[in-house]
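Working notes, beginning with the structure itself.
The values are calculated or read from the model by the stated rules, or taken from the named source; none is laboratory data. Keep in mind it's a predicted model, so treat the numbers as computed, not measured. Don't worry about glycine lacking a Cβ; one is built from the backbone with ideal geometry, like all the others, and counts go over all protein chains shown.
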């Protein structure tokens with residue numbers, strides 16, 4: 001389980017557009033570096049990030065090796081109703097992680 | 001002040017095409033399905049001078065989209081000129097996004113041009129190019 | 001009139017040495033400063049958060065009050081004198097001791113766990129001034145640290161002082177030479193794409209001038225850190241920081 005930091009307001013007014021920032025610990029090994037033994041280090045990156053609200057996909061990102069290690073993704077969401085946000089990261093070497101957060105909309 | 005160099009497609013195709021610029025154009029057209037993006041309408045916020053290319057903050061945005069079901073930004077993609085490969089990231093948005101703005105941190109191997117392309121719900125594409133100078137670290141571990 | 005004029009000339013001295021010292025944070029680009037300031041984007045916070053989890057997992061609370069209280073100011077006053085060992089030790093060594101003696105667990109230098117708990121504890125001193133202890137027993141070690149700082153080493157035959165005292169602010173290749181204050185450690189160095197300790201950085205510096213890097217937890221590294229903290233006395237702690 002990689003460490004994750006999600007920054008978002010716990011509460012929002014209906015219609016308010018909130019910023020969500022997701023930071024995850026991951027080396028995002030590009031596949032272009034060579035190790036000390038001269039051999040190419042295998043690519044190991046997060047390839048896809050998705051955010052679902054109430055089961056519906058609201059935002060997604062396709063990442064390539066040019067995204068920095070410990071990737072930060074910031075995006076916005078219009079708060080429509082209270083519900084659960086599900087964040088998922090998938091990548092090389094079977095990497096898969098899901099986090100959930102509750103958003104209360106008043 | 002963030003420097004934004006507007007590079008029209010006319011100017012780009014008019015230049016002597018280096019291999020990387022050709023690849024950049026090809027990567028962009030792959031994203032747009034062959035449609036020529038119109039310059040302007042999408043912004044890249046990035047420092048014009050970067051002291052370390054390992055983690056460069058960048059914000060991509062389309063400021064004037066109402067993000068309504070009938071009129072919204074469906075995607076924003078970022079391409080580069082001189083990294084080992086042209087793609088950096090592709091973001092997909094929905095009307096629920098509310099605001100067409102994404103931010104991340106990217107790797108830049110050297111001073112180069114970046115191009116952002118926005119895909120709009122009416123099938124059109126907008127683009128913006130920016131030049132970034134990257135100074136490289138002296139002491140590499 | 002003459003008195004006022006003299007006072008203006010002496011103002012930097014009156015304000016204290018800290019007025020003219022600049023931390024690595026001060027010398028970074030605005031983009032990196034913003035990255036450090038924002039806990040939601042500072043990659044170092046991934047480790048600090050991990051440290052918070054370890055504090056609970058290891059039940060540090062059995063002996064220590066909550067970290068925000070019990071660890072407040074601690075990182076600011078290390079290295080400190082260890083009476084049993086009769087020499088100074090770093091905060092990381094103190095944590096290693098604690099885990100070893102009280103829990104029978106060995107934390108390896110520069111391991112993810114030690115870095116994480118170190119980041120979490122250092123965070124509790126953020127904003128507080130570096131406060132090296134005035135303990136007289138530290139004096140000979142600090143002086144050794146100063147001698148090391150001023151001694152030329154390596155194939156390039158350079159001393160720390162030549163870059164970081166005499167040429168701070170100038171450029172080495174594309175990088176600005178910092179004054180080399182330790183107040184941000186452990187920190188996320190973009191070069192490392194991860195969190196690392198002051199000792200890792202000092203070992204890099206030695207390798208950079210083609211000198212044999214000192215061993216982890218060697219007396220040289222501890223003496224250097226002791227001297228660097230004295231040199232930075234009064235400057236605000238900003239760990240866990242971001243640096244290029």
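The residues listed here are C:148, C:190, C:158; of these, the one that is within 14 Å of chain B (Cβ to nearest Cβ) and surrounded by fewer than 22 Cβ atoms within 10 Å (Cβ to Cβ) is C:158.
Only one of the numbered conditions (1) more than 7 Å from chain B (Cβ to nearest Cβ); (2) free of Cβ contacts under 8 Å to residues at least 40 places away in the same chain; (3) within 16 Å of residue A:6 (Cβ to Cβ) is violated by residue A:38, and that is (3). Among residues belonging to the range B:121-136 that are modelled with pLDDT under 95 and either out of contact with any strand residue (DSSP E or B) (no Cβ under 7 Å at 6 or more places or on another chain) or assigned to a loop (DSSP other than H, G, I, E, B) (or both), point out the one that is farthest from the other protein chains (Cβ to nearest Cβ). Top of the filtered list is B:136.
Within the range C:51-63, not a single residue is under 19 Å from the mean Cα position of the chain (by Cα), touching a residue at least 40 places away in the same chain (Cβ under 8 Å) and under 16 Å from residue C:183 (Cα atoms). Among the residues of the range C:18-28, just one is touching a strand residue (DSSP E or B) at 6+ places or on another chain (Cβ under 9 Å) and surrounded by fewer than 16 Cβ atoms within 10 Å (Cβ to Cβ), namely C:18. Filtering the range C:64-81 down to residues that are in contact with a helix residue (DSSP H, G or I) (Cβ under 8 Å, 6 or more places away or on another chain) and either within 16 Å of residue C:237 (Cα to Cα) or touching a residue at least 12 places away in the same chain (Cβ under 8 Å) (or both), which residue is surrounded by the most Cβ atoms within 10 Å (Cβ to Cβ)? It comes out as C:79. Restricting B:82, B:7, B:12 to those that are more than 30 Å from residue C:27 (Cα to Cα), at pLDDT below 95 and part of a loop (DSSP other than H, G, I, E, B) reduces the list to B:7. Restricting to the range C:161-179, and then to whatever is within 14 Å of another protein chain (Cβ to nearest Cβ), part of a loop (DSSP other than H, G, I, E, B) and without any contact (Cβ under 8 Å) to a residue 60 or more places away in the chain, can you tell me which residue is farthest from residue C:35 (Cα to Cα)? Step by step, filter the range C:161-179, then rank; the result is C:167.
Taken together, the residues in the range B:42-65 that are modelled with pLDDT of 95 or more and more than 14 Å from chain C (Cβ to nearest Cβ) amount to 6. For the range A:70-101, a residue qualifies if it is facing chain B (nearest Cβ under 7 Å) and under 19 Å from residue A:47 (Cβ atoms), and the qualifying residues are A:71, A:72, A:73, A:74, A:75. Apart from one condition, residue C:37 fits all of (1) loosely packed, with under 15 Cβ neighbours inside 10 Å; (2) without any contact (Cβ under 8 Å) to a residue 24 or more places away in the chain; (3) more than 30 Å from residue B:56 (Cβ to Cβ); the exception is (3). Would you mind stating whether residue C:195 is modelled with pLDDT of 95 or more, more than 9 Å from chain B (Cβ to nearest Cβ) and under 18 Å from residue C:147 (Cα atoms)? Answer is no for this residue. For residue C:203, state whether it is crowded, with 21+ Cβ neighbours inside 10 Å and closer than 25 Å to residue A:33 by Cα. Yes: the conditions hold for residue C:203. Might you check whether a residue that is in a helix (DSSP H, G or I) and at pLDDT 95 or above occurs anywhere in the range C:151-159? The answer is no, given that none of the residues of the range C:151-159 is in a helix (DSSP H, G or I) and at pLDDT 95 or above. Has the range C:127-138 got at least one residue that is surrounded by fewer than 21 Cβ atoms within 10 Å (Cβ to Cβ), without any contact (Cβ under 8 Å) to a residue 60 or more places away in the chain and closer than 25 Å to residue C:22 by Cα? Yes, the conditions are met somewhere in the range C:127-138. Tallying residues that are assigned to a loop (DSSP other than H, G, I, E, B), under 26 Å from residue A:79 (Cβ atoms) and more than 9 Å from chain A (Cβ to nearest Cβ) within the range B:92-120 yields 0.
Screening residue A:94 on (1) within 18 Å of residue B:97 (Cβ to Cβ); (2) surrounded by fewer than 17 Cβ atoms within 10 Å (Cβ to Cβ) shows it passes everything except condition (1).
If I ask for residues that are surrounded by 19 or more Cβ atoms within 10 Å (Cβ to Cβ), at the interface with chain A (Cβ under 7 Å from one of its Cβ atoms) and out of contact with any strand residue (DSSP E or B) (no Cβ under 6 Å at 6 or more places or on another chain), which ones from the range B:66-91 would you list? Scanning the range B:66-91 gives B:83, B:87.
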